[in-house]
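Structure first, commentary second.
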Amino acid sequence: MKFKMIKRFAAAGLAAVMTAGLLAGCGGKTAETNSSGDEIVELTWWQIGDAQKDQDRVIEKVNEYIGERIGVKLKINTAGWGDYDQKMQVVINTGDDWDLCFTCSWANNYLQNANKGAFLQIDDYIKDTEMYKNIDGRFWEAAKVQGKTYGVPSEKEIGSMPMWVFTKEYVDKYEIPVDEIHSLEDLEPWLKLIKEKEPDVVPMYLTSSYSAPIYMDLIQNPVGIEYGDDTLTVKNVFETEKMKSTLETMRKYYLAGYINKDAATASDDKSVKRFVTKGDGQPYAELVWGKDLGYEVVATPIMDTYVTNISARGALTAINAQTKHPEKAVEFLNLVNTDEYLRNLLNYGIEGEHWDKAEVPADEAAEAKGKPYVYENKIKLNEETRKNYSVSYWVQGGLFNTYVLENEPVDKWAVFKEFNDSSVEAPSFGFDFDLEPVSTEVAGFGNVMDEFGKSLYTGSVDPKEYLPKLQEKLEATGIDKVIEEMQKQIDEWKASK
């Protein structure tokens, strides 16, 4: 049984003594070893998110365990959500000493860093590992850049599932048929109702991170291929009829007072009463959002779920191309993604302090019997100490070997697996865009989107006036050249399939 592992760890932890190794010459550095005499190497791991008060204590516990198991100890460095991208650019470009880092399609850009040689190619290292056999092959497919693998994906939801998130209080009060609400336009009568009946409530609460529903695989924002387009025709999203209509609707809602006036610059203020907002969904996301907000919410999908390279690259851990310990780094990542005790220690903190095991009700256990990724207990978080160690679990590794919270179904991860298995691959899934021929042009997109994207998406400005300005700047940046190059590459990719 997997839980015997914990007992073995406890015994090993009591017996383990970090002994002095041989000196590497006069005045040399003393090597740290475990109870088996194996040298312990330190791996520096950069993670996105805020530093936790009890992080050092948790990592000390982690190091006791992995030091004995695989001869590794960790040093964790963190950078906040808004700072991580810039921080990692400095860390990577200045040649800092590090071993592991969080990377994805939206922070510490996986594709760009892999292309420029910052990340280690790991195909030969992972091919015989347990994690390589266990993780859904589509995650590994998305992790490939020009046919080579440069990161270990965190197995979680694989598809893009944007959702409208409604405050349940108002849904119940006005008997709103949320299951029938999907498109942006479907919201209108209910936004009007809330505006009239609930003057203290923001009908549609948005922040600067909001993007309007996009029915496209944005391979290189704002360029991509519309969902369902088997011709694989590359387009500028702002030239599609769907986006033009969406921006007009957002403007109409803004002028009607349905949207908060500071939407283009706002950060999420959980004290603001809201009827609906938008979230990136997954199975049981309502439980996560509700816990975060402090009240119940219900959600409905905006569109069909599609698997794209971007969605499947939602979270990975990469290894520094210059690391001195590639084998140990892979061995450690394999342990994170396969070892139940280690994964939950990293995820929730120390058992008995930050959390305790909670029993699974007998009827729930019986109903879930035989399903994959179902464990013998749930997690009860300690309300006093949980704030001292609360990390985003997908940053560190896969979800499927973590325990579920006591208010979550015990078969949560089995449902996630069903969700992943049923998600449809976009026609462009698996295509990698080589940025090199148009890197200068692509680099300019970010500034243009920063200037216009937030205000247009939130309806804060008139698209009739500002959309032409956006297009003009994109054209000056070279978007036509990018579209032409992407179309050429995707045609070649399609012909080779």
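Looking at segment 396-412, is at least one residue open to solvent by 10 Å² or more (accessible area, probe 1.4 Å), polar (S, T, N, Q), touching an Asp or Glu at 6+ places or on another chain (Cβ under 6 Å) and touching a residue at least 12 places away in the same chain (Cβ under 8 Å)?
Checking segment 396-412: at least one residue is open to solvent by 10 Å² or more (accessible area, probe 1.4 Å), polar (S, T, N, Q), touching an Asp or Glu at 6+ places or on another chain (Cβ under 6 Å) and touching a residue at least 12 places away in the same chain (Cβ under 8 Å).
In segment 282-295, is there at least one residue being modelled with pLDDT of 95 or more, crowded, with 19+ Cβ neighbours inside 10 Å and not aromatic (Phe, Trp, Tyr)?
no
Assess whether Glu141 counts as being touching a residue at least 12 places away in the same chain (Cβ under 8 Å), within 28 Å of Glu418 (Cα to Cα), under 19 Å from the mean Cα position of the chain (by Cα) and part of a loop (DSSP other than H, G, I, E, B). Walk me through how you get there before you give the answer.
On the way: touching a residue at least 12 places away in the same chain (Cβ under 8 Å): yes; within 28 Å of Glu418 (Cα to Cα): yes; under 19 Å from the mean Cα position of the chain (by Cα): yes; part of a loop (DSSP other than H, G, I, E, B): no.
Answer is no for this residue.
I'm trying to understand the selection: among the residues of segment 265-280, which are under 21 Å from Leu218 (Cα atoms) and modelled with pLDDT of 95 or more?
Answer for segment 265-280, where residues must be under 21 Å from Leu218 (Cα atoms) and modelled with pLDDT of 95 or more: just Lys278.
Mind telling me which of the residues Val41, Val58 ends up being surrounded by 14 or more Cβ atoms within 10 Å (Cβ to Cβ), within 19 Å of Lys324 (Cα to Cα), modelled with pLDDT of 95 or more and among the hydrophobic types (A, V, I, L, M, F, W, C)?
Among Val41, Val58, only Val41 is surrounded by 14 or more Cβ atoms within 10 Å (Cβ to Cβ), within 19 Å of Lys324 (Cα to Cα), modelled with pLDDT of 95 or more and among the hydrophobic types (A, V, I, L, M, F, W, C).
Are any residues in segment 145-155 at pLDDT below 95 and not hydrophobic (A, V, I, L, M, F, W, C), and if so, which ones? Explain how you work it out, then say what you get.
As a first pass, look at segment 145-155 and keep what is at pLDDT below 95: 145-147.
Correct list: Gln146, Gly147.
Taking segment 68-108 as the search range and keeping residues that are in a strand (DSSP E or B) and more than 21 Å from the chain's Cα centre (by Cα), which one is surrounded by the most Cβ atoms within 10 Å (Cβ to Cβ)?
Val72
Can you tell me which residue among Gly430, Gly453 is on the phi > 0 side of the Ramachandran plot and touching a residue at least 40 places away in the same chain (Cβ under 8 Å)?
It is Gly430.
Within segment 45-55, restricting attention to residues that are over 16 Å from Glu351 (Cβ atoms) and not in a strand (DSSP E or B), which residue is least open to solvent (accessible area, probe 1.4 Å)?
Among those that are over 16 Å from Glu351 (Cβ atoms) and not in a strand (DSSP E or B), it is Gly49.
Answer yes or no: is there a residue in segment 147-161 that is touching a Pro at 6+ places or on another chain (Cβ under 9 Å), crowded, with 20+ Cβ neighbours inside 10 Å and not in a strand (DSSP E or B).
For segment 147-161, residues touching a Pro at 6+ places or on another chain (Cβ under 9 Å), crowded, with 20+ Cβ neighbours inside 10 Å and not in a strand (DSSP E or B): present.
Criterion first (in contact (Cβ under 8 Å) with a residue 40 or more places away in the chain, of a type outside the set (Ser, Thr, Tyr), under 24 Å from Gln489 (Cβ atoms) and surrounded by 18 or more Cβ atoms within 10 Å (Cβ to Cβ)) does Gly224 satisfy it? Reasoning before the result, please.
Details: in contact (Cβ under 8 Å) with a residue 40 or more places away in the chain: yes; of a type outside the set (Ser, Thr, Tyr): yes; under 24 Å from Gln489 (Cβ atoms): yes; surrounded by 18 or more Cβ atoms within 10 Å (Cβ to Cβ): yes.
Here the answer is yes, as Gly224 does meet what is asked.
Of (1) under 13 Å from Gly397 (Cβ atoms); (2) without any contact (Cβ under 8 Å) to a residue 40 or more places away in the chain, Thr338 satisfies all except one. Which?
Every listed condition holds for Thr338 apart from (2).
Take the residues of segment 201-214 that are touching a Lys or Arg at 6+ places or on another chain (Cβ under 6 Å) and at pLDDT 95 or above: which is most open to solvent (accessible area, probe 1.4 Å)?
For segment 201-214, the residue satisfying everything is Val202.
Could you tell me which of the residues Ala365, Ala414, Ala358 is of a type in the set (Gly, Ala, Ser), over 20 Å from the mean Cα position of the chain (by Cα) and in a helix (DSSP H, G or I)? Can you show your working first?
Values: Ala414 fails: over 20 Å from the mean Cα position of the chain (by Cα); Ala358 fails: in a helix (DSSP H, G or I).
Being of a type in the set (Gly, Ala, Ser), over 20 Å from the mean Cα position of the chain (by Cα) and in a helix (DSSP H, G or I) holds for just one of Ala365, Ala414, Ala358, which is Ala365.
Could you please find all residues in segment 164-206 being of a type in the set (Val, Ile, Thr) and over 19 Å from Glu286 (Cα atoms)? Step through it out loud before you land on a result.
The initial filter retains those residues of segment 164-206 that are of a type in the set (Val, Ile, Thr), namely 165, 167, 171, 176, 178, 181, 194, 201-202.
Across segment 164-206, the qualifying residues are Ile194, Val201, Val202.
Tell me which residues, restricted to segment 190-230, are within 20 Å of the chain's Cα centre (by Cα) and among the charged types (D, E, K, R).
Asp217
Does Leu111 satisfy the criteria of being crowded, with 20+ Cβ neighbours inside 10 Å and at pLDDT below 95?
Values: crowded, with 20+ Cβ neighbours inside 10 Å: yes; at pLDDT below 95: yes.
When the stated conditions are applied, Leu111 passes them.
The values are calculated or read from the model by the stated rules, or taken from the named source; none is laboratory data. These figures come from a predicted structure and were not determined experimentally. Positions of Cβ are backbone-derived with ideal geometry, glycine not excepted, and every protein chain shown enters the neighbour counts. Accessible surface areas use protein heavy atoms only, side chains included; no ligands, DNA or RNA. Shrake-Rupley method; radii C 1.70, N 1.55, O 1.52, S 1.80 Å.
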